[in-house]
Amino acid sequence: MARQKTGGRKKGTPNKATAFTRATFSQLLDKYSASGDLVSDFMSLPPKERITMAEKLAQYCIPKMQAVAMDLQQTDTSAPTLTDRLRALSQEPDN
């Protein structure tokens, strides 16, 4: 017989330690950026390392694109294609 959960965090409640760590890290980065050291340190890197660092930082603010697979083979030959439908529409008389 399964036991019912008692106590602990409710589902969806954020972990206090994680929230504290994120807030602290965010404040640290804000101060680092505001001081101007972030930009000067970034620009002092060699170009190859600068691009690598920019790529790593971008992962936190720009969503990654996903590859999309398309099947270009028409499997249902009974359905009209877009071209067929446009031809039919262009030949219909105006109402």
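No value in this document is a laboratory result; all are computed from the given coordinates. Because the structure is predicted, anything quoted here is derived from the model rather than measured. Virtual Cβ from ideal backbone geometry, glycine too; neighbours counted across all protein chains shown.
Observations
- Spacing of the two label points (7 Å from each Cα toward its C-beta) at S26 and R3, in nm: 3.7 nm
- Here the average projected area of the convex hull drawn through the C-alpha atoms of the chain stands at 19.1 nm².
- GNM result for the chain, Cα springs below 10 Å: residue of K64, K11, K48 fluctuating most strongly: K11
- Per residue of the chain, the DSSP helices (runs of n ≥ 4 H) give a summed -39500 (n - 2.57) that works out to -16000 deg cm²/dmol at 222 nm.
- GNM top mover of A58, A79, A69 - the chain, alpha-carbon springs below 10 Å: A79
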